[in-house]
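Notes follow the structure.
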Amino acid sequence: MNLVILKPGLLTTVQDLGRYGVQKYGVIVGGAMDAFALRIANLLVGNGENDAGLEITMLGPEIYFPEAALIAIGGGDLSPVLNGRQVPAWRTVYVPEGSRLQFGRMKLGCRAYLAVAGGLDVPVRMNSRSTYLRAGIGGHEGRVLQAGDRLPIGEPSSIGRHLADLLAGEARGDEPAIGRWSVSPELLPAYAANPTLQAIAGQEQDLFDNEAISRFYQEDYSVRTESDRMGYRLSGGELRLATKRELISSAVTFGTVQVPPDGQPIVLMADRQTTGGYPRIAQVASVDLPLLAQTPLGGRIRFRAVSLEEAQKQYLVREKGIRVLRSGLEQLQTNRNGKVRTNGER
Amino acid sequence: MNGSSSKYNPFGAVKAKISPLGDLAVMVQFGETIEQATYERVRQLSNYLERFPFVGMVEYVPSFLSVTVYYDPYALIGETILSDAQEIVGPYELAAKRVEEILAKLEASGDQQPRIVEIPVCYGGEFGPDLPEVAAYHNLSEQEVIDIHSSADYLVYMLGFAPGFAYLGGLPESIATPRRQTPRLSIPAGTVGIAGDQTGVYPIATPGGWQLIGRTTEALFLPSQMPPTRLRAGDIVRFRPISRAEYDSREAAPS
């Protein structure tokens, strides 16, 4: 089984949840910018959460399915259309053979995630299938997708096969069949062009003067166009250090807000380097990383202080919700007629 | 979450500061300045975590002064529910506790000899276009720069900046040279350079402002292997000068 890229879109790459265990060798984590969206899309087609899917950025690709497939699209709303019909987000979708998937206007967020039952079966490099663009490694030939690329699809799980069987009978002609089960709205992040992100005090917050700290949490910062998968460069009120100090490089991570000498913060994203030496004023709470990843270029960000305890509490609530959704989907398999409704909140 | 909430624990002669890096990692810092004794602690903790990762640990990243341990809060909490249910603490406190337990054990653990890795380098010529400049800067001959550079032992403090790039400590002061005024747009993989009091080898082609003094045939980034790098934190690196002829024959031979 394959899917065929007819038009590549702006920046379409194969991503999973990233390359873990090799940061100690200087190898970046990478993976989906909005990991939540990929995880949920994967679950909806019976995949493991870490299976590889497509990360679709701003301007979507056109994709041909030579054979029937089971897909789910999550993350930002890039107006997906299958054989001329709108595809709902966060749903299991049965795609008849010979289908054509296209994307249109960027309505909300800027990255959509396409999961296919069985996952994209590209080679695993250093524990992961994600594309590491700078080193030309992983994903499909280590690069962004191009027209004519054929991506192999793996063997669907038993849940994936069962969900496909449930829906195959409902597909009429080239019309996709949509699963009746859906994801609880409470579980979904509130994507916005101008989000407020919760942030924990950074390792070097104390090095900044009080004015800088209050400015950071009170003013808007806009996402500059030089931003990429490595970091979001923000522009806004200048953040000055109270004490200048040469820092010795240490670990940085997804959501680390570092401030170079020009006083304009950079938030590190999926393709961040493993270590850094700029003062870290804050760290975006993990639960809000999807909001950050979906903020389009030019979007405005506001930061709101949150305690570590609160951030971790919210993290655990979200993880619990994802597990509830997973067990709900597993139960669809044991229910023969598939008439079960699950909103993930059973 | 910052200096105010972190604490120092007695740990042999060195103290360790344990603090959060965001909500998924804990940072263990052993000192404020780069020195061998501090790094010894970094190495000991890294070695322990490599062999005995705790439940819920995702990975660890050593650096000059600290080891950062990434964890999965859900997996950590799951473990408490099973083991010590009466104790209700957050994931960060649990991760910090796991690390403290390990630090206590480290004191008793024996030391390991570092691995010595020899890197053959063809100095000067087209591979080291800045060797004349480095020599002139210090009033040395090119051969003296080569002799000094290749006679020192270098400690791999950490890997970062690029995959497989080793931050090496131990460059003799007599050949420490400032970066170039204008960085080069692309420096070939394997190039050996000097920047200030650092020396290093570019594992992949990147732009950079280092003074280039030679090149090795040794591949430092090996993405199809595990571990994917020739060097690891804690290794001792020695550069061995080789002739152009040896360079060419090594380059031709399958490694």
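The values are calculated or read from the model by the stated rules, or taken from the named source; none is laboratory data. The structure displayed is predicted, hence computed values, not measured ones. Glycine also receives a Cβ, built like all others from the backbone with ideal geometry; neighbour counts cover every protein chain displayed. Areas reflect the complete protein model, heavy atoms only, side chains present, ligands, DNA and RNA absent. Shrake-Rupley method; radii C 1.70, N 1.55, O 1.52, S 1.80 Å.
Tell me, what is the Rg over Rh of segment A:72-168, with Rh the Kirkwood radius over Cα pairs?
Radius of gyration over Kirkwood radius for segment A:72-168 works out to 0.98.
Return a single number: how many Lys pairs in chain B, at a sequence separation of 8 or more or on separate chains, have alpha-carbon atoms below 13 angstrom apart.
Qualifying lysine pairs in chain B: 5.
In the neighborhood of A:Leu38, defined by Cβ-to-Cβ distances under 13 Å, what is the net charge if each Lys or Arg adds +1 and each Asp or Glu adds -1?
Counting the neighbours of A:Leu38, the net charge comes to -2.
Kindly provide the helix-only [θ] at 222 nm of chain B, computed as the sum of -39,500 (n - 2.57) over DSSP H runs of four or more divided by all residues, to the nearest 500 deg cm²/dmol?
Result for chain B: -8500 deg cm²/dmol, rounded to the nearest 500.
Please compute the Kirkwood hydrodynamic radius over chain A, one decimal place, Å, based on all pairs of different Cα atoms.
20.7
Chains B and A: how much accessible area gets covered up at their contact, both sides added, probe 1.4 Å, in Å² to the nearest hundred?
Its buried surface, counting both partners, is about 3800 Å².
With axes computed from alpha carbons, what is the tilt in degrees of helix B:91-106 against the longest principal axis of chain B, rounded to the nearest 10 within 0 to 90?
Approximately 70 degrees, to the nearest 10.
Order B:Thr68, B:Thr206, most accessible first, counting only protein heavy atoms with a 1.4 angstrom probe.
I get B:Thr206, B:Thr68, largest accessible area first.
With a cut-off of 8 Å between alpha carbons and a minimum separation of six or more residues, what is the relative contact order of chain A in percent?
19
When the scattering of segment A:126-255 is computed by the Debye formula from its Cα atoms alone, each counted once and equally, what is log10 I(q)/I(0) at q = 0.22 Å⁻¹?
Log-scaled intensity ratios, in q order: -1.35.
Counting other Cβ atoms within 10 Å, which trypsin sites (Lys or Arg not before Pro) in segment A:79-128 have at most 13 and lie in a DSSP loop?
Counting only loop positions with at most 13 other Cβ atoms within 10 Å, the trypsin sites (Lys or Arg not before Pro) in segment A:79-128 are A:Arg105, A:Lys107.
With the dipole of the protein assembly as shown worked out from charges on the C-beta (+1 for Lys and Arg, -1 for Asp and Glu) around the Cα centre, which of A:Gly84, A:Leu291, B:Ser150 lies farthest toward the positive end?
A:Gly84
Where does helix B:36-51 land angle-wise versus the long Cα axis of chain B, in degrees 0 to 90, nearest 10?
Its long axis makes an angle of about 60 degrees.
How large is Rg over Rh for the protein assembly as shown, taking Rg from the Cα atoms and Rh as the Kirkwood inverse mean of 1/r across Cα pairs?
That ratio is 0.99, to two decimals.
Counting only other chains, what is the mean number of Cβ atoms within 10 angstrom of the Cβ of each residue in peptide A:314-323?
The per-residue average across the peptide is 2.
Rounded to two decimal places and with Rh computed the Kirkwood way over Cα pairs, what is Rg over Rh for segment A:1-78?
Reported Rg/Rh, Kirkwood definition of Rh: 1.00.
Would you work out the charge dipole size for segment B:116-252 about its Cα centre, treating the Cβ of every Lys and Arg as +1 and the Cβ of every Asp and Glu as -1, and quote it to the nearest 20 debye?
The calculated dipole for segment B:116-252 is roughly 420 debye.
Got the relative contact order for chain B handy, in percent, Cα pairs under 8 Å and 6 or more residues apart?
Answer for chain B is 17 percent.
How large is the dipole of the protein assembly as shown about the Cα centre if only Lys and Arg carry +1 and Asp and Glu carry -1, each at its Cβ, rounded to the nearest 20 debye?
1380
How big is the dipole moment of chain B about its Cα centre under a simple scheme where the beta carbon of each Lys and Arg is +1, that of each Asp and Glu is -1, and everything else is neutral? Debye, nearest 20, please.
That gives a dipole near 140 debye.
How shielded is A:24-37 by partner chains, expressed as the average number of their Cβ atoms within 10 Å of its Cβ atoms?
Going residue by residue through A:24-37 and averaging, the value is 5.
Can you tell which of A:Ile248, A:Gln198, A:Pro261 lies farthest toward the positive end of the dipole of segment A:196-306, using +1 and -1 charges on the Cβ of basic and acidic side chains (Lys, Arg; Asp, Glu)?
After comparing all options, I get A:Gln198.
Ignoring any ligand, DNA or RNA, what whole percent of the accessible area of segment A:164-206 comes from carbon and sulfur when the probe is 1.4 angstrom?
Looking at segment A:164-206 in its full context, I get 47 percent from C and S.
So, in Å, what gap is there between the alpha-carbon centers of segment B:9-71 and segment A:1-69?
Computed from Cα coordinates, the inter-centre distance equals 33 Å.
What is the angle, in °, between the Cα long axis of helix A:35-44 and the longest principal axis of the Cα atoms in chain A? Nearest 10 is fine, range 0 to 90.
Roughly 20 degrees, rounded to the nearest 10.
Among all stretches of chain B without exposed GluC sites (Glu not before Pro) (DSSP loop, at most 11 other Cβ atoms within 10 Å), which one is longest?
It runs B:108-255.
Say the dipole of segment A:15-58 comes from +1 at the beta carbon of Lys and Arg and -1 at that of Asp and Glu; which of A:Gly18, A:Ala52, A:Ala37 then lies farthest toward its positive end?
A:Gly18
With each pseudo-label sitting 7 Å past Cα toward Cβ, what's the B:Asp197-B:Leu140 distance in nm, one decimal?
Computed distance between label sites B:Asp197 and B:Leu140 equals 1.6 nm.
Can you pull out the GluC sites (Glu not before Pro) in segment A:168-218 that DSSP calls coil and that have at most 15 other Cβ atoms within 10 Å?
Loop-located and lightly packed - A:Glu170.
So for segment B:116-252, Kirkwood radius off the Cα pairs, Stokes-Einstein at 4 °C and 1.567 mPa s: how many µm² s⁻¹?
Value of D from the Cα-based Kirkwood radius: 88 µm²/s.
Taking 30 Å² as the minimum loss, tell me which residues in segment B:20-48 lose that much accessible area going from the chain by itself to the full protein complex (1.4 Å probe).
Buried-area filter returns B:Leu21, B:Gly22, B:Asp23, B:Leu24, B:Met27.
Could you tell me the largest-minus-smallest coordinate of the C-alpha atoms of segment A:208-302 on each of the three principal axes, in descending order and whole angstroms?
The principal-axis extents, from largest down, are 34, 29, 24 Å.
Over chain B, give the accessible area per residue in Å² for a 1.4 Å probe, as an integer.
I get 44 Å² per residue for this part.
Compute the relative contact order of segment B:116-252 as a whole-number percentage, counting only Cα pairs closer than 8 Å that sit 6 or more residues apart in sequence.
Averaging sequence separation for qualifying contacts and normalising by length gives 35 percent for segment B:116-252.
With a 1.4 Å probe and all protein chains left in place, how much accessible area per residue does chain A have, in Å²?
For chain A, the per-residue accessible area is 38 Å².
Using only DSSP helix segments of four residues or longer, with each worth -39500 (n - 2.57), what per-residue ellipticity at 222 nm results for chain A after dividing by its residue count and rounding to 500?
Helices in chain A give a 222 nm mean residue ellipticity of -5500 deg cm²/dmol.
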